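Undergrad: Let me give you the structure first, and then I'll get to my questions.
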Amino acid sequence: MYSSDEMFLFSFLGAYLGVVCLIGVVLAVLSIVANWKIYTKAGRPGWKCLIPIYNIYVLFDMVWETKQFWIYVAILLAYYIFMGLAAGVSGIFGVIALLFGIAMLVWSVRLMNHLSVCFGHGPWFTVGLVLLNTIFVMILGLGDSKYCHLETVFVEMKADSEPEGKAEEGTSENETEAESEETVDSEEDLDAEKNE
């Protein structure tokens, strides 16, 4: 039947595929747990990460806005339509499909950037989310990152970008105005007492 070399090869391939499948299952379970934690950190029910397409809608709602989800879906549909047209005919349809593919990539990177910013991380974390998504999603979900809605993040960034001297000057001007009003009031009180 089979020689010992062939049996060894089949045994090795079987064991190798078994280990690869086991690693894939473990990574899939860890990814689901991490996504569940990300959704619960954002105040959403964790089960929403399990439903295909709806999980992306909820992710857009968490870190961006739902209007951007519908733009993403339109780009995705246009990409597949033009890919189908390009399969039968080469030329302009292939180029248009490529452009829609690039637009999908840009929207995906922007989504990962918004996710990174909402959890208090910077642009390098976005690069990690794009290139090593499973690992960086686990860092977000299972780590100590805290969720902050994007609008709040932009307000905080705007407040941080204002020069400190300007904020202090505004406070000192208000204090100076209040002190001058108190001085005027006290002078009026003194004049009233002298007249009596």
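The values are calculated or read from the model by the stated rules, or taken from the named source; none is laboratory data. Please read these numbers as outputs of a predicted model, since none were measured by experiment. We place every Cβ from the backbone using ideal geometry, glycine too, and count neighbours over all the protein chains shown.
Undergrad: Checking Phe125 against (1) at pLDDT 95 or above; (2) under 20 Å from Ile71 (Cα atoms), only one condition comes out false. Which one?
TA: That leaves (2) as the condition not met.
Undergrad: Now a separate question. Could you please give the count of residues in segment 1-35 that are surrounded by 10 or more Cβ atoms within 10 Å (Cβ to Cβ) and in contact with a Phe, Trp or Tyr (Cβ under 8 Å, 6 or more places away or on another chain)?
TA: The number of residues fulfilling the criteria is 1.
Undergrad: Is it the case that Ile75 is on the phi > 0 side of the Ramachandran plot and in the same structural domain as His149 (by TED's automatic domain parsing)?
TA: no
Undergrad: Go through segment 1-48 residue by residue and tally those that are over 30 Å from Lys146 (Cβ atoms) and not in a helix (DSSP H, G or I).
TA: So the answer is 3.
Undergrad: Would you point out which residue out of Phe136, Phe125, Phe100 is farther than 22 Å from Leu30 by Cβ, in the same structural domain as Ser31 (by TED's automatic domain parsing) and either assigned to a helix (DSSP H, G or I) or aromatic (Phe, Trp, Tyr) (or both)?
TA: Phe100
Undergrad: From the list His114, His149, which one is at pLDDT 70 or above, in contact with a Leu (Cβ under 7 Å, 6 or more places away or on another chain) and closer than 24 Å to Ile32 by Cα?
TA: On inspection, the qualifying residue turns out to be His114.
Undergrad: State yes or no: is Ile56 assigned to a helix (DSSP H, G or I) and over 30 Å from Ser145 (Cα atoms)?
TA: Spelling it out, it is not the case that Ile56 is assigned to a helix (DSSP H, G or I) and over 30 Å from Ser145 (Cα atoms).
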